[in-house]
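The values are calculated or read from the model by the stated rules, or taken from the named source; none is laboratory data. The structure displayed is predicted, hence computed values, not measured ones. Neighbour counts are summed over all protein chains in view; Cβ atoms, including those assigned to glycine, are modelled from backbone coordinates with ideal geometry. When the accessible area is computed, the model is the full protein with side chains, heavy atoms only, and any ligands, DNA or RNA have been set aside. Shrake-Rupley method; radii C 1.70, N 1.55, O 1.52, S 1.80 Å.
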There are 2 protein chains.
Amino acid sequence: MIGAWATALLGVAACEAAAPTGAQIAAIGNGRAVPACTTCHGPSGAGNAALGSPRLAGLPAAYLEAQLQAFASGRRANAVMQPVARALSPRESEAVATFYSREADTAPAANVGIEPSTFNLGEQLANGGRWTQQLPACVQCHGRGGLGVGANFPPLTRQPSSYLQAQLHAWQSGMRDPGPMGLMAAIARRLSERDVQAVAAYFSAGAPIRADRPFSGVPNPPPDVGAVSPPGSRRIFSPPPESAIPHNEFGEVVRRGRDIFDEPARNASAYVGNRLRCSSCHLDSGRLANSSPMWAAYVAYPSYRAKNRHVNTFAERLQDCFTYSMNGKAPPLGDPVLVALESYAYWLATGAPIGPNLPGRGYPKPLRPAVPADYSRGQRVYGRSCALCHGGDGAGQDATDGSMAFPALWGDRSFNWGAGMGDIGNAAAFIQANMPLSQAGSLTDQDAWDVATFIDSHDRPQDPRFSGSVASTRAQFHDSPDSMYGRRVAGKVLGESSPAPGGRLSPKAAE
Amino acid sequence: MIGAWATALLGVAACEAAAPTGAQIAAIGNGRAVPACTTCHGPSGAGNAALGSPRLAGLPAAYLEAQLQAFASGRRANAVMQPVARALSPRESEAVATFYSREADTAPAANVGIEPSTFNLGEQLANGGRWTQQLPACVQCHGRGGLGVGANFPPLTRQPSSYLQAQLHAWQSGMRDPGPMGLMAAIARRLSERDVQAVAAYFSAGAPIRADRPFSGVPNPPPDVGAVSPPGSRRIFSPPPESAIPHNEFGEVVRRGRDIFDEPARNASAYVGNRLRCSSCHLDSGRLANSSPMWAAYVAYPSYRAKNRHVNTFAERLQDCFTYSMNGKAPPLGDPVLVALESYAYWLATGAPIGPNLPGRGYPKPLRPAVPADYSRGQRVYGRSCALCHGGDGAGQDATDGSMAFPALWGDRSFNWGAGMGDIGNAAAFIQANMPLSQAGSLTDQDAWDVATFIDSHDRPQDPRFSGSVASTRAQFHDSPDSMYGRRVAGKVLGESSPAPGGRLSPKAAE
C-alpha cells in the first residue's frame, strides 16, 4: 500500500520545497540522507525478521519519536539508525512517527515451531515473571499479551525475535540507554541467554495464552536472597507450582480462582467497581512473600479483625476486598466467585502450617521514619519513582486493548476510602517492600512513608461505611494518624467530595 | 425423716408377720440378720464418707437391686454387704432398692479443698478422658455431670471419694465383678493411683463445670500406641491442648465452637433436629485421630465432594452435618454457629499442614470381609457389644437430667437417611476403629460390617433430598451396595415409612 502511494507522491515531493510528509519519508526517504524506511522495516512497516528490524506500524508516535531522538543522540546505538535519525529534522521525525503510529498493524506472528520447554519458559517470564530475581512478568508493564502501554512500554507482541533479542542484549551490554528509571537495563541483566531467547520467541509468536497456562512454577525465594541469613531467620514457605494444579473438578475451581485473582474485572465483573486486580497488591498472583501472599492469609483465618470487631472467616475477609479495595459489591457467601478464590488460596497454601504467623505474611512494616512524613517530599518521590507507570494523575494506565495495566492509585477508578491501602502505614509497607516493580527495596523507609502520605492525600470513592458525615465516619472508622480521610489537604477536606462508593463496571470496561 | 418414720413404724412391723417395707428395712433392718441401712448409709441415704459408704438415695432401683444380687453372689466382695445381701429375700431387696430410688438425693458435695492440679486431672478424666489410653470421659457413659444413665451407669456425682476410690481399686484388683462387657475393670486398670484419687475427688466434689475448662490437654496418641510402628508409618498430628485456647476475642469464638461441638442441642438448638452431638461421631471433641478429627477435616477443605458434585468449602461441609447427621436445618453461611465451629476446627488444626491427606483423617477403612455382611450376625454383635449403651431399640439413652448420653442409632431421634453414617462402609469404618468406647479395635472387620449392616437396616428420618419416591431417591443418591435405603428388610421397604426429615427440638428437649 505504501509502495503504490509512494509512486503517486514522488512527483509531488520533488516539485515542492515543503518538508516531506511521514508517508513520503517512509516510502522514499526525506530526499536527503534518509532512505525509505520500508527498505528495512518492510512495505507496511511490519518489520523484517531476517534483518532484525522491528515493526513500526501501530506503535505509539511518542515512543517512535523518542527512539529517533535516542538514535540521534547516541543513547541508542545502531549503525543504520543513528545516521538516519540524525538526518531527520525534528519535524520529519514527528511526521514519520505519526505516520507509522496510524498505520494498520499487519505484522504476522512468527510461524516457527518453538521447542515446548522454551515456550514454557518464555510464557512464564512473559506472563508470570520470576520473582526470585525481582523479575515481574513482562506483561505487567507491557500490557496483556504484550500489546503495549502508553508511550513508555511499547508493544512486544509480533516483534521479530531477532529484534527483541538484540534489544535485550543491547541493554545487557550497555549499548542501549537504560531507559526510564533504568528499568530495562536492570531487568535484562537478570536474564540468562536462554531466558532472552525464550521470551523473544514467545512474543514473536504473538504471545499466545493457553487456557491452562503450563507455568514452570518458579518457587518463592529462600529468605534473604543475596544476603546473609541472620541466625534464627525463618524459612519462607513456597507455594506449589501452577503446573501442580490437579486436572480434576477441584483443579478447575482452583484455576477459576486464579483467573479471577488475576483479572477480576473480566472474571468477576458483577462484584467489582474498578479495574484493579487482586494481583495489583498481592504480587505474582498472590504467591510472593511479603506482598500479602494468599498462602499466608489463608492459614491465618478465621481471625479476629479490629476493622469490624469480630472473628472473620477467610470468605468474609475476601468479601471485604470486593467492598473496599475493588470498590465493588461483596459476593454473597457461597457465591462461586468466593468459593473459587478461597479454593485458589487454599491450594496455594498446600503444605503450609495452619496459624497466623507464617513468615512472609502481609508486608514487612518499615520503620516509622524520624522525620514526619511529608506531602511535598512524597510528591517528589512519586514523580521520580511512580508516575512513569501510575501516571502523573494517579489514574493508572491501560494497555492498548483497554485492559488495565497499571492500577489507579487515587480518583474514582481506585480503591475506596475503606480499603486497607488507605492506611498510610499499610501503603508504606507495601510500597517499601514491593515498589517500584523490579526495584523493590530501593526506596528508603522515609521515601515510602512520604509517598504513601502523598498518595493517600488524594480523594477516592467514599467509604461504604459512610455514616452521614465525614467527621462521624472518621471518628468511627478512621480514628488513626495513618488515615487522611476527613483531613484538610490543599484547602479541601478529604472525603467531602468523594464519588459514591460501589462503582459498577460497564460491560465494555469489564473487558 | 427416716428416723421419725422408723419409730412410728416399729410397732407396726413388730405386730405384723408381713415382709417389711423398704422404708422399714432402711430404718430398722428386716428384723432378721439385716441391720438398718441408715447405720452406714446415713439417715437419709446420703452415704458416709468416713465409712466409705455410698449414697443410695436417688439411685436407680434396678441398679441398687443388681448390686445387692452381686453382693449376695459374691461377685462384689464386701465384708459388711455380703452377709446383708444374703439375708435379704428377693422381695426385700426389691423393696429397699425401690425405697431408696425414690428418696430425695440430699447428699452434699464434698467440701474439702482439692489441690488445683489434682482437680484439673480429675476434671480432664471426667469430662475429656484420656484417649491415648482409650479412656473415654467418665461422663460419656455416666452422663453429664456424672448424674447417671439408666440402670447400668450409676451416678458418680457426690459419692464419697473414699467409696469411688474403693470401687476403682476393687476393679483393679479383681475384687469386683468386671461388670457389663468388662468395661469398668478394663478402664480402672488403665488408671494410675493419682488418676484414681483425682477422678474420685472430682466427682465427690459434685463434678463442677467451669466455663473455661482448664483441661490439661492430653495430646493425641503417637501412631500405633502399644504396637511396633511399621517402617514408614507417619506421625499423627497433635492438636494443641485446650488450655492453649487464647484468652481474647478469637479464643471466645473458639470456645463457643467447642461448646456447640460438644452440645449442639443445647448450644445450636435452632439448627438441630435430634440430640446427637458432633462429638458422637468425632470423638474426644473432634480431637481423636481416626475418628474423623476436625483438624484433619479442616485442612482438607475446600474439596470436591461426589455427594453434591461440586467443590465444598469447610463451611458448606459443616452445613451438611446439620442437614443430615443432625437431622436439622443448615445454618446459613456466615451464621455465628458456623463461624464458631469453623474457628474451633481451625484452632484444633494449629500447625497442621494444608492438604487432603493428613494421617488420621476420617476413619481407617476396614477390609471388606470375605463373607458378605449379614443382618442376623450383625444383630448378635449388636446385642453383645452395642445394646448396653445404645439400647436394644437403638434409641440411645439419656442421662438422669434428660440430656443425651448415648446417641440414637436409628429411629426418629437418629441421623436421617442422607447422613454419612447411613453408608454401611462408613459406619463399619467408624465402628471398627472406635467402638465400643474404651474397647476400640475389639470387633473384627466382619463384626463391624455385620453390625453396620444391622444398624443401617432400620428406618430413620427421610432423606432431605427425597425426590418424590423412594425408588427415584435411591437411584439419585443411594445407588450403592452400601446403602440400605429403598431396600426391603423384614417385609418393609426402608424409606417408605420414614418420618419427615428436619426435626426440630422442643425447648425442653434442647436442654
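Taking the conditions exactly as written (in a loop (DSSP other than H, G, I, E, B), of a type in the set (Gly, Ala, Ser) and surrounded by fewer than 20 Cβ atoms within 10 Å (Cβ to Cβ)), does residue A:182 satisfy them or not?
no
Mind checking which residues of the range A:438-454 are at negative phi and surrounded by fewer than 19 Cβ atoms within 10 Å (Cβ to Cβ)?
A:439, A:442, A:444, A:445
Only one residue in A:338, A:358 is open to solvent by less than 40 Å² (accessible area, probe 1.4 Å) and facing another protein chain (nearest Cβ under 9 Å). Which one?
Answer to the selection: A:338.
Which condition number does residue A:310 fail, the rest of (1) open to solvent by less than 20 Å² (accessible area, probe 1.4 Å); (2) without any contact (Cβ under 8 Å) to a residue 24 or more places away in the chain; (3) at the interface with another protein chain (Cβ under 10 Å from one of its Cβ atoms) being met?
Only one criterion is unmet by residue A:310, namely (1).
Among (1) more than 23 Å from residue A:204 (Cα to Cα); (2) touching a Ser or Thr at 6+ places or on another chain (Cβ under 9 Å); (3) open to solvent by less than 60 Å² (accessible area, probe 1.4 Å), there is one condition residue A:69 misses while meeting the rest; what is its number?
(3)
Given the residues A:106, A:118, which is the only one that is closer than 29 Å to residue A:189 by Cβ, at pLDDT below 95 and of a type in the set (Ser, Thr, Tyr)?
A:118
Could you give every pair whose Cβ atoms fall below 6 Å, whose first residue belongs to the range A:477-492 and is within 12 Å of residue A:458 (Cα to Cα), and whose second residue is open to solvent by less than 60 Å² (accessible area, probe 1.4 Å) and not in a loop (DSSP other than H, G, I, E, B), counting only separations of at least 6 or pairs across chains?
A:485/A:474; A:486/A:470; A:486/A:474
Inspect all residues belonging to the range B:194-217 and state whether any of them is farther than 28 Å from residue B:41 by Cβ and modelled with pLDDT of 90 or more.
yes
Looking at (1) in contact with a Lys or Arg (Cβ under 8 Å, 6 or more places away or on another chain); (2) away from every other protein chain (no Cβ under 13 Å); (3) among the basic types (Lys, Arg), which is the one condition that is false for residue B:287?
(1)
Within the range B:260-278, can you find the residues that are open to solvent by 20 Å² or more (accessible area, probe 1.4 Å) and outside any loop (DSSP other than H, G, I, E, B)?
B:262, B:266, B:267, B:269, B:270, B:271, B:278
Given the conditions (1) of a type in the set (A, V, I, L, M, F, W, C); (2) within 12 Å of chain B (Cβ to nearest Cβ); (3) assigned to a helix (DSSP H, G or I), and given that residue A:333 satisfies all but one, which numbered condition is not satisfied?
(3)
Condition (residue is away from chain B (no Cβ under 14 Å), open to solvent by 50 Å² or more (accessible area, probe 1.4 Å) and under 19 Å from residue A:327 (Cα atoms)) applied to the range A:413-432: is it met by at least one residue?
Yes; the residues of the range A:413-432 include at least one that is away from chain B (no Cβ under 14 Å), open to solvent by 50 Å² or more (accessible area, probe 1.4 Å) and under 19 Å from residue A:327 (Cα atoms).
Which one of B:368, B:317, B:377 is open to solvent by 20 Å² or more (accessible area, probe 1.4 Å), in a helix (DSSP H, G or I), in contact (Cβ under 8 Å) with a residue 24 or more places away in the chain and away from chain A (no Cβ under 11 Å)?
Exactly one residue qualifies, and that residue is B:377.
Conditions first: (1) touching a residue at least 40 places away in the same chain (Cβ under 8 Å); (2) out of contact with any Asp or Glu (no Cβ under 6 Å at 6 or more places or on another chain); (3) open to solvent by 20 Å² or more (accessible area, probe 1.4 Å). Residue B:403 passes all but one, so which condition is the exception?
(3)
Quickly run through the range B:33-61 and pick out the residues that are open to solvent by 40 Å² or more (accessible area, probe 1.4 Å) and either basic (Lys, Arg) or assigned to a helix (DSSP H, G or I) (or both).
B:39, B:40
On the given criteria, is residue B:140 under 16 Å from residue B:110 (Cβ atoms) and assigned to a helix (DSSP H, G or I)?
Against the criterion (under 16 Å from residue B:110 (Cβ atoms) and assigned to a helix (DSSP H, G or I)), residue B:140 does not qualify.
Tell me which residues, restricted to the range A:77-110, are free of Cβ contacts under 8 Å to residues at least 60 places away in the same chain and either closer than 23 Å to residue A:201 by Cα or among the small types (Gly, Ala, Ser) (or both).
A:78, A:79, A:85, A:87, A:93, A:101, A:105 - these are the residues of the range A:77-110 that are free of Cβ contacts under 8 Å to residues at least 60 places away in the same chain and either closer than 23 Å to residue A:201 by Cα or among the small types (Gly, Ala, Ser) (or both).
What number of residues in the range B:455-479 are open to solvent by 30 Å² or more (accessible area, probe 1.4 Å) and in contact with an Asp or Glu (Cβ under 7 Å, 6 or more places away or on another chain)?
Result for the range B:455-479: 1.
Can we say residue B:510 is open to solvent by 20 Å² or more (accessible area, probe 1.4 Å) and modelled with pLDDT under 95?
Judged against the criteria, residue B:510 is not a match.
Return yes when residue B:300 is assigned to a loop (DSSP other than H, G, I, E, B), more than 14 Å from chain A (Cβ to nearest Cβ) and either modelled with pLDDT under 95 or closer than 23 Å to residue B:425 by Cα (or both) and no when it is not.
In short, no.
Are any of the residues in the range A:450-464 more than 25 Å from residue A:265 (Cα to Cα) and hydroxyl-bearing (Ser, Thr, Tyr)?
yes
Would you please name the residue that is nearest to the chain's Cα centre (by Cα), looking only at residues in the range A:279-290 that are within 12 Å of residue A:258 (Cβ to Cβ) and assigned to a loop (DSSP other than H, G, I, E, B)?
Residue satisfying both the conditions and the ranking: A:282.
Among the residues of the range B:129-148, count how many are touching a Phe, Trp or Tyr at 6+ places or on another chain (Cβ under 9 Å) and of a type in the set (S, T, N, Q).
Total satisfying the criteria: 1.
Before we move on, is residue A:323 more than 12 Å from chain B (Cβ to nearest Cβ) and among the hydroxyl-bearing types (Ser, Thr, Tyr)?
yes
Hey, residue B:302 hits all of (1) surrounded by fewer than 22 Cβ atoms within 10 Å (Cβ to Cβ); (2) touching a strand residue (DSSP E or B) at 6+ places or on another chain (Cβ under 7 Å) but one; which does it fall short on?
That leaves (1) as the condition not met.
Right, residue A:502: under 26 Å from residue A:265 (Cβ atoms), in contact with a helix residue (DSSP H, G or I) (Cβ under 9 Å, 6 or more places away or on another chain) and open to solvent by less than 30 Å² (accessible area, probe 1.4 Å) or not?
No, not satisfied.
Taking residue B:123 as the residue in question, decide whether it is part of a helix (DSSP H, G or I) and over 30 Å from residue B:289 (Cα atoms).
No, not satisfied.
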